[in-house]
Structures are given as C-alpha cells and as structure tokens.
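Here it is: the structure, laid out below.
The values are calculated or read from the model by the stated rules, or taken from the named source; none is laboratory data. Because the structure is predicted, anything quoted here is derived from the model rather than measured. Here the Cβ positions follow ideal geometry from the backbone for every residue, glycine too, while neighbour counts run over all protein chains shown. Each accessible area value is taken on the protein alone, full model and side chains, heavy atoms only, with ligands, DNA and RNA left out. Shrake-Rupley method; radii C 1.70, N 1.55, O 1.52, S 1.80 Å.
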Amino acid sequence: MKILFLNGPNLNLLGEREPDVYGRTTLADIESKVRKRAKDLGVGIDFRQSNLEGQLVDWIQEAKGNFDVIVLNAAAYTHTSIALRDAIAAVGVPTIEVHLSNIHAREKFRQKSLIAPVCCGQISGFGQKSYILALEASVDVKVSKKNA
Ligand code: DQA
C-alpha cells in the first residue's frame with residue numbers, strides 16, 4: 001500500500017509560522033513521525049509540499065494508479081480551490097482531508113472546505129497528530145474498499 005501526503009501553501013513555514021495556532025513542530029518533524037508510523041504499519045509513503053495550486057493539481061492527477069490514498073492538507077486552498085476539488089473528483093483516489101488546527105473553530109472563511117464533499121473524511125484540530133490519525137484512517141480506507 002502507498003499513501004501520498006500532500007501539503008499546500010505556507011506549510012513549509014511550520015515551526016516558525018503562527019506558533020500559537022500551529023505549534024512549534026516543523027513539517028520535517030511531522031514527516032519523520034509519519035514515516036516512523038508508516039514503517040510500523042508496513043505502508044509506503046511519499047511526503048510533498050508546494051505553495052503552488054497547479055503543482056498540487058498535477059500531483060493529485062499523477063496519484064492515479066500510483067497511490068492507494070491521498071492525505072491532503074490543502075492549507076488555504078482548502079477554502080478557495082475548485083481546481084483541487086475537481087482534481088480529487090476526477091482521479092477517484094480516496095482522499096483524506098487533514099488540518100492541524102480545527103478549521104471549524106476559527107474564522108468564518110476557514111469554516112468552509114471546498115474539498116470536503118469529495119473527500120472520504122476530514123481530520124481537523126489535533127495538531128501534528130492529525131497526520132498520524134489520517135495515516136491510520138488511510139489503512140482502514142483501503143481495508144474498507146477491499147471489503148466493500
Ligand atoms: C490549515 C488550516 C488552513 O485554514 C490554513 O490556511 C493553513 C493550515 C491547518 O492545517 O490547520 O494554512 O490547513
């Protein structure tokens with residue numbers, strides 16, 4: 001099983017960016033924790049970040065046939081990007097939406113996710129643990145697909 005982790009704009013600044021909201025953990029720290037848990041679970045992962053919407057669209061499209069699940073923190077594009085939503089719907093690779101913060105407890109403009117309707121589910125508000133929970137959910141997504 002292979003899982004593609006995609007991270008959107010400004011997540012490269014984790015650790016220094018608004019630490020009161022996102023904590024002091026860097027994206028590299030999160031990646032290494034995800035890699036360790038993935039090894040325990042026996043799944044392969046790829047972990048990427050881009051500030052560019054088109055790059056994220058390209059990676060989602062390329063996931064078809066290459067990855068079983070996408071875990072996507074689309075960051076600000078969550079709230080604005082019809083292109084990301086259409087890409088997820090187009091490729092049909094099960095996608096889990098993930099956020100460090102609880103987007104529903106923040107500003108009104110963050111409470112709307114344009115990608116949520118085309119994702120299997122959303123994990124939001126558990127800090128770096130959101131990524132581990134998404135990884136564990138990914139394994140179940142695959143299992144439930146197999147058993148469907
Ligand atoms: C975020 C929440 C988004 O609203 C924000 O634009 C981000 C990070 C999160 O992980 O909590 O950049 O996706």
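Each row is one residue, and each column tells you yes or no for (1) closer than 23 Å to R17 by Cβ; (2) surrounded by 14 or more Cβ atoms within 10 Å (Cβ to Cβ).
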| residue | (1), (2) |
| --- | --- |
| R37 | no, yes |
| G42 | no, no |
| D58 | no, no |
| I88 | no, yes |
| V91 | no, yes |
| E107 | yes, no |
| L114 | yes, yes |
| P117 | no, no |
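Please work out if K146 is surrounded by fewer than 14 Cβ atoms within 10 Å (Cβ to Cβ), of a type outside the set (S, T, Y) and either under 18 Å from A38 (Cα atoms) or at pLDDT below 95 (or both). Can you show your working first?
Numbers: surrounded by fewer than 14 Cβ atoms within 10 Å (Cβ to Cβ): yes; of a type outside the set (S, T, Y): yes; either under 18 Å from A38 (Cα atoms) or at pLDDT below 95 (or both): yes.
Yes.
When residues of the range 105-128 are filtered for being within 11 Å of the ligand (Cβ to nearest atom) and under 15 Å from the mean Cα position of the chain (by Cα), how many remain? Break it down stepwise before answering.
At the first step, the residues of the range 105-128 found to be within 11 Å of the ligand (Cβ to nearest atom) are 105-107, 109-113, 115, 122-128.
In the following step, the residues that additionally are under 15 Å from the mean Cα position of the chain (by Cα) were identified as 113, 115, 122-128.
Within the range 105-128, residues that are within 11 Å of the ligand (Cβ to nearest atom) and under 15 Å from the mean Cα position of the chain (by Cα) number 9.
Out of curiosity, is E31 under 19 Å from I123 (Cα atoms), touching a residue at least 24 places away in the same chain (Cβ under 8 Å) and either surrounded by 14 or more Cβ atoms within 10 Å (Cβ to Cβ) or more than 16 Å from the chain's Cα centre (by Cα) (or both)?
Numbers: under 19 Å from I123 (Cα atoms): yes; touching a residue at least 24 places away in the same chain (Cβ under 8 Å): yes; either surrounded by 14 or more Cβ atoms within 10 Å (Cβ to Cβ) or more than 16 Å from the chain's Cα centre (by Cα) (or both): yes.
Taking the combined requirement at face value, the residue satisfies it.
With the requirement that a residue be touching a helix residue (DSSP H, G or I) at 6+ places or on another chain (Cβ under 8 Å), under 25 Å from I82 (Cβ atoms) and of a type outside the set (A, V, I, L, M, F, W, C), what does the range 107-130 give you?
The answer is R110, Q111, K112, S113, P117, G121, Q122, S124, G125.
Could you check the range 1-104 for strands (runs of 3 or more DSSP E) lying wholly inside it with 1 or more residues that are near the ligand (Cβ under 10 Å from one of its atoms)? Give the steps one after another, and end with the answer.
Details: elements: 2-7, 44-49, 69-73, 95-99.
The strands (runs of 3 or more DSSP E) meeting that bar are 2-7, 69-73, 95-99.
Output the qualifying pairs, or none if there are none: Cβ atoms under 7 angstrom, residues six or more apart or on different chains, first residue in the range 12-27 and open to solvent by less than 50 Å² (accessible area, probe 1.4 Å), second residue among the β-branched types (V, I, T).
Correct list of pairs: L14/T25; L14/T26; G15/T25; G15/T26.
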